[in-house]
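J.: First the structure, which I've put down as structure tokens, then a few questions once you've had a look.
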Amino acid sequence: MLELKNAGKKFDSRWLFKNLNFQTQTGDFISILGPSGCGKSTLLRILAELDTLSEGSLTQPANTNPGFVFQESCLLPWLTVSENVGIGISSKTISLSEKQEQVQSILKTVKLKESGGLFPHQLSGGMKMRVSIARALINNKSVLFMDEPFAALDDFIRFELQEELLDYWKQHKMTVFFVTHSVNESVFLSQKLWLFPQGNQQEFKELDLQKKDFHPQQYRQSPEYFRLVTDISDRLRGRA
Ligand SMILES: Nc1ncnc2c1ncn2[C@@H]1O[C@H](COP(=O)(O)OP(=O)(O)O)[C@@H](O)[C@H]1O
Ligand SMILES: [Mg+2]
């Protein structure tokens, strides 16, 4: 279990957030939702232990194996797709053939089985993001940190990648922390939302969306999905 207690972060003397209290169980899919500039990326970096809290505490499970995906695909232009993905394997004891097998298998998962030999400049935006996701997922990651990974993609590709990510999560149940400023995206993807305070609201809120067994492709058309999107948009505007 991960727990944030009275967590606060300041830069110089300005508090970005304060009094944040959240808990999550292993295998949760959590969206961190709030407007630009509220501190979502900073919180994600803190959860990933790339930055530290200014006050309060963060307790997390030991020995996690984290993967990262950012808005930019962050590929190395001089390496092939396969080589870029191989970077995601943290173990140094793995043999070359084992590594190649893992790369091939994850490229298949992200639908790039035939593209391992291509270089980043030969890929579309959606394909670059698929490579970035493959690099993050390879080697059975236990936690995935995603910072607005689909924000720069068009709707067709975005929906496709969201659905594929959900299918993968349903199979593997790694913990996912997903930063977004899109209500639709957060409702579609996650089990829980962490809402940053809006306007004159002072409190961080955690919402459990209580999704039971849902089918990603059908969920987007369901009354339940529309109800949640409306409800949460209203909350964010202080109307509920
Ligand atoms: N390293 C830093 N030094 C000083 N201020 C920072 C730093 N990182 C972030 N900030 C401040 O925190 C604000 C929120 O940052 P960020 O976490 O990126 O927000 P979000 O991801 O929600 O858009 C920024 O607008 C900036 O003022
Ligand atoms: Mg950000």
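J.: Could you list which residues have their amide H under 5 Å from that of Gln71, counting only those 5 or more apart in sequence or on another chain, with H placed in the peptide plane?
T.: Long-range HN contacts for Gln71: Asp147.
J.: In whole Hz, what ³J(HN,Hα) sequence does the stretch 174-180 give by Karplus (6.51, -1.76, 1.60; θ = phi - 60°), x for Gly and Pro?
T.: 7, 6, 10, 10, 10, 7, 7
J.: Going out from 0 in 5 Å bins, what whole percent of all Cα-Cα distances in the stretch 76-141 drops into each bin?
T.: Pair shares across the bins are 4, 20, 35, 25, 12, 4, 1.
J.: Using the Cβ atoms and a cut-off under 12 Å, what net charge is assigned to the surroundings of Ile87, where Lys and Arg are +1 and Asp and Glu are -1?
T.: Summing Lys and Arg as +1 and Asp and Glu as -1 gives +1.
J.: Please quote Rg/Rh for the chain to two decimal places, taking the Kirkwood radius as Rh and restricting both calculations to Cα atoms.
T.: Working: Rg = 18.3 Å, Rh = 18.8 Å.
Here the Rg-to-Rh quotient is 0.97.
J.: Something else about it: For n ≥ 4 DSSP H runs only, could you compute -39500 (n - 2.57) per run for the chain, divide by its residues and tell me the 222 nm figure to the nearest 500?
T.: So the calculated ellipticity at 222 nm is -10500 deg cm²/dmol.
J.: A follow-up question, please. Out of the chymotrypsin sites (Phe, Trp or Tyr not before Pro) in the stretch 30-110, which ones are loop residues according to DSSP with at most 15 other C-beta atoms within 10 Å?
T.: Those that pass, being in a loop and sparsely packed, are Trp78.
J.: Also, quick follow-up: In straight Cα distance, which lysines are under 25 Å from Lys192, not counting same-chain residues fewer than 8 positions off?
T.: Lys5, Lys9, Lys18, Lys40, Lys141, Lys170, Lys173, Lys205, Lys211, Lys212
J.: In addition: Go through Ala136, His172, Ser31 and say which Cα lies farthest out towards the positive end of the charge dipole of the chain; charges sit on Cβ, +1 for Lys and Arg, -1 for Asp and Glu.
T.: Ser31
J.: Going through the stretch 169-213, which GluC sites (Glu not before Pro) have at most 13 other Cβ atoms within 10 Å and a DSSP loop state?
T.: On the way: sites: Glu185, Glu203, Glu206; in loops: Glu203.
Here the GluC sites (Glu not before Pro) that fit, given the DSSP loop and packing criteria, are Glu203.
J.: If you put +1 on each Lys and Arg Cβ and -1 on each Asp and Glu Cβ, how big is the dipole of the chain around its Cα centre, in Debye rounded to 20?
T.: The dipole of the chain has a size of about 220 debye.
Read the figures in this text as sums done on the coordinates, not as results from a lab. Note that the coordinates shown come from a computational prediction; the quantities given were computed from them, not determined experimentally. Reconstructed Cβ throughout: ideal geometry from the backbone, glycine too, with neighbour counts over all protein chains shown.
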